[in-house]
Structures are given as C-alpha cells and as structure tokens.
Amino acid sequence: MTDSSTFEPVVVIHGGAWAIPDKLSSASVDGVCSAARTGYDVLRRGGTAVDAVEASVRSMEDCPAFDAGTGSVLNTKGEVEMDSVIMDGRRLQCGSVACVQNIKNPVSLARAVMEKTDHTLLVGKGANEFAEEIGIQTVPTDSLVTDDAREEWLQFMKFKTTVNVLFRSRAEQTALPSTVCDTVGHDTVGAVALDKFGNTAAATSTGGITAKRPGRVGDSPIVGAGAYADNESGAVSTTGHGESITKVCLAREVTHLMETGLAAQVASETALQKMAARVQGSGGVVTVSKDGGIGKHFTTERMAWAWIKEGKLHYGLECGENFVINL
Ligand code: GLY
C-alpha cells in the first residue's frame, strides 16, 4: 500500500545464525539492538521501509563484530569479497552486488543497482566500476579486515576446512582442533521492515564464508534466497549455510508460506524445517508479514536478533530468549 494509511512500523534484525562463541555474544547482541534502533528511528521519522533496512544494515556493516562490510571474512587468497541485496516490496524492485571488493557499505551499492540501473545484479569488476561511476567511495582492503578475520583465516587454511563446520552443532565440531572453533568467523547480517504506509523491504549483506573459493557467491545476493519482499505477503532476510539456502530459495519459501495463510513465525519455522529435511542445511530467518506479524527462527546454535514494534525493543541470542526494553 502506498497511500496515507497508517501502519504500525516494525523493524526486525539478525546478525547471523551460527555457533556464535561466548566471546562474541555481547558484541553481537549490542550490534543487532543498535541496528534495530537505527532502522526504527528512520521509520518513526516517516522514512520508508527501504530507507530503514538500508540504515540498519549499514550500521552492522560498520560493526566489526559482524561478517559484512568491516569484519568480512577472507577467501582462500586472503581477500575480501562481499555480497549484498536489497528489495522493495512495493513493486518487487531489487538490486544486488556480488564479489565486490573495497566497498565500505555494499548494501548502499545494492540499492544503487536497484535505483540507478536497468539490472538486478552486478558482480565483481563490473560492480566495482559502477560504484566508481556513481561516486561510491572505495576503501583499502585492510580497512575492512579485522584481526579476528585474519586469525580465523589462518586457522581454517591450516586445517583445510571452511567455516561450513560452524553451522553444525558443537558436538559435531569437536572433531576439529579447538583453535579453529575458538577463533571462529561469523555469518551475514539482515533487516526487514514495514513502514507506516504498509510497504515492506528486506536487505542482507555478508562477507560470505571463511576460506571460500575466490568467486564463490552465496545465497545473500540472490533474490528469493538471501532476501525477498512483497507487499502482498511480507519481507524476509536469511542467514546460514548459503549453498543450502540457495537450493530451497529460503526467503521466497517463507513469503510463499505466508501467502498460503501461515503467520510469519510459523512460516519461518516451517521453511527452516524444510531446508533441514531436504538439504540438511541450517540457518535462520527474520520475517515481517504485510500486517506487521513478526517471525524469527534459527536452526543453528545461536542467532543474534532484535525487533522493535510499538516502542518496545525485543532481543535475544539463544533459543527461547526474549528480553524486552521499553524505548
Ligand atoms: N549466508 C552467507 C553465505 O553463505 O555466504
């Protein structure tokens, strides 16, 4: 809806679903709460859902605790290659970038693809050339790489595995040397929103998975996998094992289930159950339905999440947690 009808604004955030270690838990929770406040401020001032999800995701791209923008993990060559998507539920407009380098906020480049080109996805060199053309500043790779990301890369290269293992349970990880799981990486950030006009939007951004093959593109920039938004159903951002998420088009699966009448939470749980059953993949989603229903669910050990509606901030990390703060 794009008229002046008033909906209660909602923003829902995730900071990645994986086996988040204790040493990163408070930074992850603080980061998602701050991103929720940033997006909600935009909505409260009358901004659109697209403005809100972009602002929320930018705040997490700037936070080194997350695998997106600053804090992105490294591929086997020790390079940063980032993926991002944004989608506007009004007319299904979307923009994505994949394998981009030296960009501080890939989500804003994805938005520029959506708004300033005739295309939906730009990759690698072409995406970076487009950034230069429209004046999006490039930054040195070193400014995006944290000590943790470098240390984790060294561990994963040494033991010749990828961060895939972190989507498994702690029990399954015990076969690995403890240093691998103690220095661990991260996974993906995302936001969904409903604005006061009834418009939905979703955005997702990631550095991918540690020790990925150069050129590997995960689920995050793929419309329908990493995110989806449609005012006729709702908006979804996903996180988790990218190859699994892509196979089941996880975000579109959730919106499809909402179209059949399922509530946002039930649709989120059902889609993740399907991904586990069909491709043995784990991950998480955040969802808002067209009428402001909220969904968040994960099948990994932990996922930092936060949402704001009616002036209340809800957040958590572990299954079953729901802390509430009155704003
Ligand atoms: N979910 C992020 C990735 O696999 O790249």
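Values quoted throughout were computed directly from the atomic coordinates according to the rules given, and no laboratory measurement underlies them. Here the structure is a predicted model, which is why all the values come from computation and not from measurement. Neighbour counts are summed over all protein chains in view; Cβ atoms, including those assigned to glycine, are modelled from backbone coordinates with ideal geometry.
Looking at segment 40-72, the trypsin sites (Lys or Arg not before Pro) that sit in a DSSP loop and have at most 10 other Cβ atoms within 10 Å of their own Cβ are Arg45. With the Cα gyration tensor of segment 286-327 giving a ≥ b ≥ c as the square roots of its eigenvalues, does the rule (a/c under 1.5 for rounded; else a/b larger than b/c for prolate; else oblate) give rounded, prolate or oblate? It is oblate, given that a/c is not under 1.5 and a/b is not larger than b/c. The charge dipole of the chain, taken about its Cα centre with unit charges on the Cβ of Lys, Arg, Asp and Glu (plus for the first two, minus for the last two), comes to roughly 420 debye. Distances between placed amide hydrogens fall under 5 Å for Thr188 paired with Asp67, Gly207, Gly208, all partners being 5 or more residues away or on another chain.
Its alpha carbons give segment 1-120 an Rg and a Dmax of 15.4, 51 Å. The gain in end-to-end length when the Lys23 to Asn322 segment is fully stretched comes to 105.6 nm, 0.36 nm per residue minus the alpha carbon separation. With springs only between Cα atoms under 10 Å, which of Gly16, Gly89, Gly124 fluctuates most in a Gaussian network model of the chain? Ranking Gly16, Gly89, Gly124 by mean-square fluctuation puts Gly124 first. The fraction of all Cα pairs in segment 210-265 landing in successive 10 Å bins from 0 to the largest distance is 26, 47, 20, 7, 0, given as whole percents.
The lysines whose alpha-carbon is closer than 23 Å to the alpha-carbon of Lys274, local same-chain residues fewer than 8 away aside, are Lys247, Lys290, Lys296. Taking the alpha carbon gyration tensor of segment 194-327, multiplying each eigenvalue by 5 and rooting it gives semi-axes of 23, 17, 15 Å, largest first. Compactness of the chain was expressed as the Cα radius of gyration divided by 2.2 N^0.38 Å, which yields 0.89.
With R₀ fixed at 41 Å, the C-beta to C-beta distance from Thr146 to Glu310 puts the FRET efficiency at about 0.70. Distance from the Cα centroid of segment 47-101 to that of segment 205-253 is 11 Å (rounded to whole angstrom). Calculated mean residue ellipticity, 222 nm, the chain: -10500 deg cm²/dmol, from DSSP H runs (n ≥ 4) at -39500 (n - 2.57) each, averaged per residue and rounded to 500. Taken over segment 1-69, the convex hull of the Cα atoms encloses 88 Å³ per residue.
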